[in-house]
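The values are calculated or read from the model by the stated rules, or taken from the named source; none is laboratory data. Every value quoted in this text rests on a predicted model; they were computed, and no experiment measured them. Reconstructed Cβ throughout: ideal geometry from the backbone, glycine too, with neighbour counts over all protein chains shown.
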Amino acid sequence: MPCAARVTRRRPQIQSESVVSNLASLTEGHRFPRYQLTFRDSDIAAYVAAVGDLSPVAMPGPDRLVPPLALIASGLGHMIRLLGLAAGTVHASQECEFERPVRVGVAVFADTSLKANTVRRGTRFATVETQYFDARGQKLARSVSTVIVPA
Amino acid sequence: MISPVQIGHRLAVLEKAVTQDQIAAYASAAGDFNPIHLDEQYAAKTQFGRRIAHGMLVLAFVSEMMATAFPREWPSAGRLKVRFKAPVYPGESVKVTGEAVGTADADGACEVEFRVAVVKPDGSDAVSGQAFVRFPIDQS
């Protein structure tokens, strides 16, 4: 049995995750459908346990926040599934900006666009930008991820 | 402008051991089931020759270091810009480092730049780049 089949899927609730695109057919500037994600306390506990985060913001309690990188990681995971990226895709670079803390149970809305999509020497380089907002439209965070996709 | 962090200040070093169980747990938590991280037979045929940790798992160590040093500022006024330069393999231990290297005015705040890295056992960088933290300028 492949190892991937043994892991339990436990991640933030994400709405609008049914569209699968073909990355090769998309052009720069393409905008993906807005999606919503909400972190439950159990999501944060699973993430924190996985990365071994001992920082104060990750500790259980009334002031617990969504670890900033957990938000970015969930958004990237969503894009990987949405695009059906090939096995063997690797992460080349990452930029993140955190504007406001995200609290457990609060809806987050994500807008993603394709910033670059090129092929060099048979290897595809794709850059996606995601901006995260709260329900009032206030910017929470921004992420720019570049991945290398095997041809 | 008086910087809240002195240039040359080094953040407390984090030491992290990466295990395959941790990688599997991270895959579940982040929803990234790429077989290069999970499937030994698949990974053996890739350029890396074996399974590797998710880049975002390794980068989480940098975020933890920054959040530990600046728990109030990091989630609301932090930035990261890094490159993934080499894979981290399960079984490896890495050191996470950060050093203040500069300051700049940023919309009425003082932004401190840190050079950050995740260093592999052989001394090479798995991740390197910059982290930035904005601090309000005390007007009093």
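Of note:
- Residues in segment A:84-124 that are within 8 Å of another protein chain (Cβ to nearest Cβ) and over 16 Å from residue A:146 (Cα atoms): A:98, A:99, A:100, A:101, A:102.
- Counting only residues that are crowded, with 19+ Cβ neighbours inside 10 Å, among the acidic types (Asp, Glu) and in contact with a Ser or Thr (Cβ under 8 Å, 6 or more places away or on another chain), segment B:12-47 holds 0 of them.
- Hits in segment B:91-127 - residues which are under 15 Å from residue B:64 (Cα atoms) and of a type in the set (Ser, Thr, Tyr): B:97
- Candidates B:53, B:77, B:60, B:44, filtered to the one that is closer than 19 Å to residue A:102 by Cα and out of contact with any strand residue (DSSP E or B) (no Cβ under 8 Å at 6 or more places or on another chain): B:60
- Tally, over segment B:53-73, of residues that are more than 8 Å from chain A (Cβ to nearest Cβ), closer than 19 Å to residue B:87 by Cβ and without any contact (Cβ under 8 Å) to a residue 40 or more places away in the chain: 1
- Strands (runs of 3 or more DSSP E) within segment A:16-135 that include 3 or more residues within 25 Å of residue B:95 (Cα to Cα): A:90-98
- Count - residues of segment B:1-52 that are without any contact (Cβ under 8 Å) to a residue 12 or more places away in the chain, under 26 Å from residue A:39 (Cβ atoms) and more than 9 Å from chain A (Cβ to nearest Cβ): 1
- Residue match in segment B:101-116 (condition: crowded, with 20+ Cβ neighbours inside 10 Å, farther than 19 Å from residue A:148 by Cα and touching a Ser or Thr at 6+ places or on another chain (Cβ under 8 Å)): yes
- Residue satisfying condition, being in a loop (DSSP other than H, G, I, E, B), modelled with pLDDT of 95 or more and under 14 Å from the mean Cα position of the chain (by Cα), within set B:88, B:96, B:62: B:88
- Residue A:11 fulfils the conditions (1) crowded, with 19+ Cβ neighbours inside 10 Å; (2) modelled with pLDDT under 90; (3) farther than 14 Å from residue B:30 by Cβ except for a single criterion, (3).
- Every listed requirement among (1) acidic (Asp, Glu); (2) modelled with pLDDT under 95; (3) farther than 27 Å from residue B:98 by Cβ is met by residue B:32 save one, (3).
- Every pair of residues 6+ apart whose Cβ atoms lie under 8 Å, when the first sits in segment A:109-126 and is free of Cβ contacts under 8 Å to residues at least 40 places away in the same chain while the second is assigned to a strand (DSSP E or B) and not hydrophobic (A, V, I, L, M, F, W, C): A:118/A:124; A:125/A:117; A:125/A:118; A:125/A:146
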